[in-house]
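I have a structure I would like to understand better, so I am pasting it below and will then ask my questions one at a time.
The values are calculated or read from the model by the stated rules, or taken from the named source; none is laboratory data. What you see is a predicted model, and the numbers here were worked out from it, not measured in a lab. Neighbour counts run over all protein chains shown; Cβ positions are idealised from the backbone, glycine included.
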Amino acid sequence: MQRLFVIGGGEHARVVMEAVRSRPERFALLGFVDPQPCAETVRRLELPRLGDDREAAVLSAQGALAVLGLGAVGVSGARRAVVERLAAAGVRFCAVVHSAAWVSPTAVVDDGAVVMAGAVVQGGARLGRHSVVNSGAVIEHDADLGDFAQAGPGALVGGGTVVGAGSYLGLGCRVRDHLRIGEGTLVGMGAVVVGAVGDGQAVVGVPARPAGGGGSHG
């Protein structure tokens, strides 16, 4: 059984912690690290705050692995910055798949990826490092979700589609098969993407079109 701790103690982190707890045969959850007290998380999940980020390197030196619990709505480099800083301090990461998710044995799940309850990852798909497949999302066969990309709850990525690193797919969006979604792309909540999207773009609507001012959508 692998000893594991979560980086972050906020709302998204609580969902990650419950995913870890769903696999008691694989993980022993020690608690979480966060600069803030996160009293609600301590109370609700009855888990200890182990310290701030400095404690993460100590725990890793003792053989524990980490999983990122920092959420972000929209495109943000914050999650990547935290991982790079902690990795440089010796923190090692692992992937977590909720027991109520289904991931094909032929899919590739890279270190740090998290798959939430009700999600489906089909054959030949790849989940990049520290990517997130949120509750009820579907990553179809041979699709590629890039490093630090996030598929929001109920999002659907069609077969063979490539989603670039750091992209954010909003809640309930639909992305057609065999497209390329560029790096750092924002797909708004409920959008239906039927054509390729370039790096750094934001699209919204049905069918999806460029967003006037960018920003966060779902």
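May I ask you to say which residue of Ala143, Ala119, Ala149 is within 14 Å of Arg79 (Cβ to Cβ) and among the aliphatic types (A, V, I, L, M)? Outline the logic, then answer.
Details: Ala143 fails: within 14 Å of Arg79 (Cβ to Cβ); Ala119 fails: within 14 Å of Arg79 (Cβ to Cβ).
It is Ala149.
What about Val58, is it over 30 Å from Asp199 (Cβ atoms), hydrophobic (A, V, I, L, M, F, W, C) and in contact with an Asp or Glu (Cβ under 6 Å, 6 or more places away or on another chain)?
no
Continuing with this model, one more query. Output the residues belonging to region 169-187 that are farther than 12 Å from Val204 by Cα, of a type outside the set (Lys, Arg) and in a strand (DSSP E or B).
Residue satisfying the conditions is Ile181 alone.
Specify the residue that is farthest from the chain's Cα centre (by Cα); the eligible residues are those in region 167-187 that are of a type in the set (Gly, Ala, Ser) and surrounded by fewer than 24 Cβ atoms within 10 Å (Cβ to Cβ).
Checking each candidate, the answer is Gly182.
Taking interchain pairs and intrachain pairs at least six residues apart, which have beta carbon atoms under 7 angstrom, with the first residue in region 70-89 and without any contact (Cβ under 8 Å) to a residue 24 or more places away in the chain and the second of a type outside the set (Val, Ile, Thr)?
Ala78/Leu70; Ala78/Ala72
Being modelled with pLDDT of 95 or more and within 20 Å of Arg129 (Cβ to Cβ) is true for just one of Ala66, Ala39, Ala28. Which residue is that?
Ala66
Next up: What are the pairs, 6+ residues apart or on separate chains, where a residue within region 195-218 that is within 14 Å of Val75 (Cα to Cα) and in the same structural domain as Leu169 (by TED's automatic domain parsing) has its Cβ under 7 Å from a residue that is acidic (Asp, Glu) and at pLDDT 75 or above?
Once the first residue is within 14 Å of Val75 (Cα to Cα) and in the same structural domain as Leu169 (by TED's automatic domain parsing) and sits in region 195-218, its partners that are acidic (Asp, Glu) and at pLDDT 75 or above give Asp199/Glu183.
Which residues, taken from region 1-27, are in contact with a strand residue (DSSP E or B) (Cβ under 6 Å, 6 or more places away or on another chain) and either crowded, with 18+ Cβ neighbours inside 10 Å or over 18 Å from Ala113 (Cα atoms) (or both)?
Correct list: Met1, Leu4, Phe5, Val6, Ile7, Gly9, Ala13, Val16, Met17, Ala19, Val20, Phe27.
Matching residues to (1) outside the structural domain of Pro153 (by TED's automatic domain parsing); (2) free of Cβ contacts under 8 Å to residues at least 60 places away in the same chain; (3) within 22 Å of Arg3 (Cα to Cα); (4) buried (at least 21 other Cβ atoms within 10 Å of the Cβ):
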| site | (1), (2), (3), (4) |
| --- | --- |
| Leu50 | yes, yes, yes, no |
| Val58 | yes, yes, yes, no |
| Ala125 | no, yes, no, yes |
| His130 | no, no, yes, yes |
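Could you count how many residues in region 57-96 are part of a helix (DSSP H, G or I) and over 12 Å from the mean Cα position of the chain (by Cα)?
Residues of region 57-96 part of a helix (DSSP H, G or I): 57-61, 78-88.
Then keep just the ones that are over 12 Å from the mean Cα position of the chain (by Cα); that gives 57-61, 78, 81-88.
The qualifying residues number 14.
When you scan region 205-213, do you find a residue that is of a type in the set (Val, Ile, Thr) and either crowded, with 20+ Cβ neighbours inside 10 Å or not in a loop (DSSP other than H, G, I, E, B) (or both), even just one?
Within region 205-213, the first condition is being of a type in the set (Val, Ile, Thr), and the residues that meet it are 206.
Cutting the leftovers down to either crowded, with 20+ Cβ neighbours inside 10 Å or not in a loop (DSSP other than H, G, I, E, B) (or both) gives us none.
Within region 205-213, not a single residue is of a type in the set (Val, Ile, Thr) and either crowded, with 20+ Cβ neighbours inside 10 Å or not in a loop (DSSP other than H, G, I, E, B) (or both).
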